[in-house]
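Student: Before I ask anything, here is the structure I am working with.
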């Protein structure tokens, strides 16, 4: 089964004629994703990698019945592109673009909730159901189908963890990158519930960061509802972290004691989560649980 | 984070019709004597301008007479406050205080809504009020796309104890704060204290504003403010211009990594092996040759014992990144030990090229981190 995405999901690429959009559309197609249309206003009628380009998401949806869309347009145009996708009836919206103003992200998130749209991102790597389909920029070659679900706030750190799993013979059901911005679409709790209800997933990895409260909310949910084993790594767990300094992601700001990696790891441990100090320890922990 | 200096925030307040005390800024270019005379007032609030908090405790805010002003300004100009020298001092008209309030609006990251935090006990640290007098704190959530109108804040104003004309002043200030926050993409506007004067006027005696850096492109006036440049060190500023996130730290090993999460995990791992990061440097999701070169250029000017490069080639191929590292090392005369971890398209070729040129290169992160720590500790 896996979550959110499978081989039948029809995907639109917004910004397909741009450098990023074109590159990643190709890599999605090569991986097996059903990329049915691209959208770039003013370039309707063209083709990119054999995919028809439309002037609007509405036209693309009417022609293809696509239910998912991935946005690669530059940050100043993300708000309009997202609103357009929601209005056109898209049900799974993935925003890869980084640098989106937080007010725009919050408005997009609100509209998605009202319209029952699953929003992933912005500033995220997207998601992949190995062997079936991917939306976004997670490199397919490091993944392998299996029973480990991953939900993460990071991009490249997620690749690091996926690569380690695959090298250790542990495949993945679905890997979801939620995005590193302070305001983003689906959060840890929603993804955890999806993995809990997914038959294919037997282990769940949670990759967090300093800042915010998402990991604390996840711990609450895990205590009450999650029966599958959960493993967690929190980036920024060293003593080198300077409180108040922003480490790249807008989301990774240490806000008081509750936002530190140490506090998050403690709360997660108390909820029964296996916490590790380096991401490379996760495969052995999973193997221990499996035996 | 995009914090403004108090005088910049107050200028923004005035533009949006939020009342503030009259003030004038001393910028360390003019004669202090003439500056004070020009204002022609008996007493002032003198306030050293700094982006870090705790100005009051550091003695950077003081009520002074016209005679004392010159000496006081001289005493705090150039004084270090949490790593940065005070460059400007604001002289402000003192207020007659009847009561002090706290008022802040922000975007609540967890809900995505606007959030008002207010208190009838202002002028002190709001966190301690929240702990000791939670009954004096009042909150209100508003949708992120709402249109601010005075009636929405009548209830809140009454909870804070306002009535009559002061209540109207309050609802007006709220509307103006929100209009400003929405139009200028502010993630925090804080007034502490909001003063009720003896003649019943509400005035923002202090002002703290944080702007959303991601919205600089549509708020160019804010992006160019002195505070937005002063918040970085020179190297940090140079990195920002090249699209690199760079934060100076106190450790031994210079780091170049891809993506915030992996960069943090890289810092964590060096500490795990008994060393420490000299910086946090994130070249973004996919490294390319130019960015890695620029990153090495920045690191080559820092005092470090070694360099650890942990990159993921996204759109760029790893063999190209490897060539970039080799030429950068030569051009920049880097003589500290370097270890490179490469992953992504053509990573095996990249590692081979690096090894042939005498570099330590790995496909996995842990052995690579271990190696650089060994090298700087004097091993082989």
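FYI, it's all coordinate maths here, none of it is from the lab. These numbers come from a predicted model, not from an experiment. In this analysis, Cβ positions are derived from the backbone assuming ideal geometry, glycine residues included, and neighbour counts consider all displayed protein chains.
Student: At q = 0.16, 0.17, 0.23 Å⁻¹, what log₁₀ I(q)/I(0) does a Debye calculation on the Cα points of the range B:22-92 give, no solvent, two decimals?
Tutor: -0.47, -0.54, -0.97
Student: Right, next: If you wrap a convex hull around the Cα atoms of chain A, how much volume per residue is inside, in Å³?
Tutor: On the way: hull volume 34.2 nm³, N = 291.
Dividing the Cα hull volume of chain A by its residue count gives 118 Å³.
Student: Which FRET efficiency, nearest 0.05, do residue B:29 and residue B:128 yield, Cβ-Cβ r, R0 30 Å?
Tutor: Computed FRET efficiency for residue B:29 and residue B:128: 0.15.
Student: How many nm is it between the label spots at residue A:47 and residue B:75, if each spot is 7 Å from the Cα in line with the beta carbon?
Tutor: Result for the modelled spin labels: 7.9 nm.
Student: Translational diffusion coefficient of the range A:138-290 at 20 °C, 1.002 mPa s, Stokes-Einstein with Kirkwood Rh over Cα pairs, in µm²/s as a whole number.
Tutor: 140
Student: Which residue, A:86, A:142, A:96, tops the fluctuation ranking in a GNM of chain A built on C-alpha contacts under 10 Å?
Tutor: Between A:86, A:142, A:96, it is A:142 that shows the largest mean-square fluctuation.
Student: Please give the contour-minus-distance gain from residue B:327 to residue B:42: 0.36 nm per residue of separation, less the Cα-Cα distance, rounded to one decimal in nm. Could you put the intermediate results ahead of the total?
Tutor: On the way: separation 285, 0.36 × 285 = 102.60 nm, distance 6.45 nm.
Here the answer is 96.1 nm.
Student: Next question, about the same structure. Pop the C-beta distance of residue B:233 and residue A:7 into the FRET formula with R0 = 60 Å and round what comes out to the nearest 0.05. Could the numbers behind the result be given before it?
Tutor: On the way: r = 50 Å, r/R0 = 0.83.
Calculated value: 0.75.
Student: So what does the Cα-only Debye profile of the range B:1-121 read at q = 0.10, 0.18 Å⁻¹, as log10 I(q)/I(0), no solvent term?
Tutor: Normalising to I(0) and taking log10 leaves -0.37, -1.07.
Student: Hey, could you get me the Stokes-Einstein D for the range B:97-227, Kirkwood radius over alpha-carbon pairs, 37 °C and 0.692 mPa s, rounded to whole µm² s⁻¹? Walk me through the numbers on the way to the answer.
Tutor: Values: Rh = 15.3 Å.
Rounded, D is 215 µm²/s.
Student: Also: Please give the length that would be gained between residue B:240 and residue B:68 if that part of the chain were fully extended, namely 0.36 nm times their separation in residues minus their C-alpha to C-alpha distance (nm, one decimal).
Tutor: Details: separation 172, 0.36 × 172 = 61.92 nm, distance 4.14 nm.
Taking 0.36 nm per residue and subtracting the Cα distance, the gain is 57.8 nm.
Student: Still on this structure, I have one more. Once you put a point 7 Å from the Cα of residue B:250 and another 7 Å from the Cα of residue B:168, both along the Cβ direction, what distance in nm separates them?
Tutor: Inter-label distance under the simple model: 5.6 nm.
Student: In whole angstrom, how far apart do the alpha carbon centroids of the range B:106-171 and the range B:172-237 sit?
Tutor: The distance from the Cα centre of the range B:106-171 to that of the range B:172-237 comes to 17 Å.
Student: So, one more: Between the range B:301-367 and the range B:35-104, what is the C-alpha centre distance in whole Å?
Tutor: Between the Cα centres of the range B:301-367 and the range B:35-104 lies a distance of 50 Å.
Student: Defining a contact as two alpha carbons under 8 Å apart and six or more residues distant in sequence, what relative contact order in percent does chain B show? Please report the intermediate quantities before stating the final value.
Tutor: On the way: 729 pairs, mean separation 47.0, N = 380.
Value for chain B: 12 percent.
Student: Beta carbons within 10 angstrom, averaged per residue: use that to sort the peptides B:10-18, B:356-364, A:128-136, highest first.
Tutor: Working: B:10-18: 18.1, B:356-364: 16.6, A:128-136: 24.7.
Packing proxy ranking, top to bottom: A:128-136, B:10-18, B:356-364.
Student: For a quick check, take a GNM of chain B with Cα springs below 10 Å and name the residue from B:108, B:28, B:40 with the largest mean-square fluctuation.
Tutor: B:40
Student: Connecting C-alpha atoms closer than 10 Å in a GNM of chain B, tell me which of B:74, B:57, B:213 has the biggest fluctuation.
Tutor: So, out of B:74, B:57, B:213, the one fluctuating most is B:57.
Student: Another question, if that's okay. Which value, to two decimals, describes the C-alpha radius of gyration of the range B:234-376 once divided by 2.2 N^0.38 Å?
Tutor: 0.91
Student: Would you mind telling me the antiparallel percentage of the DSSP bridges in the protein assembly as shown, rounded to 5? If you can, show how the numbers build up before the last one.
Tutor: Details: 57 of 111 bridges.
Of the beta bridges lying entirely in the protein assembly as shown, close to 50 percent run antiparallel.
Student: Mind checking B:211-219 for the average number of partner chain beta-carbons within 10 Å of each residue's beta-carbon?
Tutor: Per-residue shielding by partner chains comes out at 5.
Student: Quick one, can you get me the convex hull of the C-alpha atoms of the range B:98-150 expressed as volume per residue in Å³?
Tutor: Values: hull volume 5.0 nm³, N = 53.
Per residue, the Cα convex hull of the range B:98-150 comes to 94 Å³.
Student: Once the piece of chain linking residue B:223 and residue B:97 is laid out straight, how much longer is it, given 0.36 nm per residue of separation minus the C-alpha distance between them?
Tutor: Details: separation 126, 0.36 × 126 = 45.36 nm, distance 3.43 nm.
This chain segment gains 41.9 nm when fully extended.
Student: Along its three principal axes, how long is the protein assembly as shown when you only count alpha carbons? Whole Å, largest extent first please.
Tutor: 76, 61, 53
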